[in-house]
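**Q** This is the structure, below, for whatever I ask next.
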Amino acid sequence: MARIVTLDGNNKEFQKALARSFQSGHVNFLFGSGASQPAISIAGQMEKEIANLINLNDEVEARNRMYDFLMGIQGPTNKLIANDNDENNANTLVNYRDCLAIIETILSERRTTLLPKQATIFTTNYDLFIEKASLDYPALKLNDGFSRVPSLDNKMEYSSRNFFDTTYNSGNLYHYKVEIPCINLVKLHGSLSWKKNAEEVVFSVEVKNLLSPEKTAEQIEKFINEYAIVLPLATKFRTTLVDRTYYELMRLYANELDRENTLLVTFGFSFGDEHILGITKRALKNPTLRLIAVAYNEADRDSFVKIFNGQRNVEIISPAADAQIDFSRFNELLRGALPKWGSNS
């Protein structure tokens, strides 16, 4: 059965084991909506509520719920783009910055040459906090799937083929090669930086004006259709382009978990997405896959115990009684697993 590790201030053995996985395995993270709190509220049962409205043929109310949900993300994102952040945005941004700094240290201090200095962050979040946080780390390459090659039209196209490329710095005189630490950012449900352009997804970041209180159903429909994102259960509103991209990324997630000696650390993710849960459970048949699921509270821990009952390669990180594991506590956990030679970085 899954092993429960309770964070009680004495987790040295667990952190040593985690450090070994960082050194010798393919490192992956899966972030859900809980990671972007307090700036953005957790998704909760929103997708199921929308699906139920669709099943009741109440498309108007379903689109209203979609609009409200998107505004809960677009509002903070507008502030992020304009550098006009409130306290919630600032706190969320700090958490992501700390996390990226730790991952960069993990990759930079890797002493094996058999594995690339790469980690992959899978996320179901649409927001741009990771992209914004990465700007503080110019030595860290964030690969978001867009091809940034010179072109006359300045158009950056998205493709899953752009992930997992290795980049080196080389010297002009002695021709040395130094691998640049890289994070592959795979946004499984799309992103606010995605825009549909005919049969392509292109990069587009802009402040998006919200509709007036007197908005019509037609305006709401047009507004929603401008987003290149996936609401997995609301299949009636999906497009062929978004569907194709979604399934490509799901295959990428599945393939990554099937690799030998893979580590997947999840945070802020409830495994309420049935598709992702199904892929993850099938992947756990790989005996070299190690899943570390971080529970925010005791209720999440109990939920994970039920979900992963009988899985021996799953470890559930639980808070102590009446405590919580928020993003800052999660970062402490990762920081404690840094190798001693990188602990002061």
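Values in this text are rule-based calculations from the coordinates and carry no lab data. All figures in this text were calculated on a predicted structure; none of them were measured in a lab. Please note: Cβ atoms are built from the backbone with ideal geometry, for glycine as well, and neighbour counts cover all protein chains shown.
**Q** Which aspartates and glutamates have a Cα less than 14 Å from the Cα of K12, not counting those fewer than 8 places away in the same chain?
**A** E332
**Q** Compute the longest continuous run of the chain that contains no exposed trypsin sites (Lys or Arg not before Pro); treat a site as exposed when its DSSP state is not H, G, I, E or B and it has at most 12 other Cβ atoms within 10 Å.
**A** Details: sites that count: R111, R148, K285, R312.
Of all site-free stretches, the longest is 149-284.
**Q** Moving to a separate point now. Along the Cα→Cβ direction, 7 angstrom out, place labels at L142 and T112. What is the inter-label distance in nm?
**A** 2.7
**Q** Also: Summing -39500 (n - 2.57) over the DSSP H runs of n ≥ 4 in the chain and dividing by its residue number, what mean residue ellipticity at 222 nm do you reach, to the nearest 500 deg cm²/dmol? Before the final figure, lay out each step's value.
**A** Numbers: 10 runs with 131 residues, N = 345.
Calculated mean residue ellipticity at 222 nm is -12000 deg cm²/dmol.
**Q** Another question, then. Among V314, V178, which comes first, then next, by fewest other beta-carbon atoms within 10 Å?
**A** V178, V314
**Q** Further, regarding this structure: With the cut-off at 1.5 for a/c, could you classify the chain from its C-alpha gyration tensor as rounded, prolate or oblate?
**A** Oblate, since a/c reaches 1.5 and b/c is not below a/b.
**Q** Oh, and also: With the crude spin-label approximation of a point 7 Å out along Cα→Cβ, what separation in nm comes out for R329 versus D258?
**A** The answer from the label model is 3.7 nm.
**Q** Can you list the DSSP H helices in the chain whose Cα atoms extend at least 15 Å along the helix axis and whose mean Kyte-Doolittle hydropathy is 0.0 or higher?
**A** Result, helices passing both filters: 87-108.
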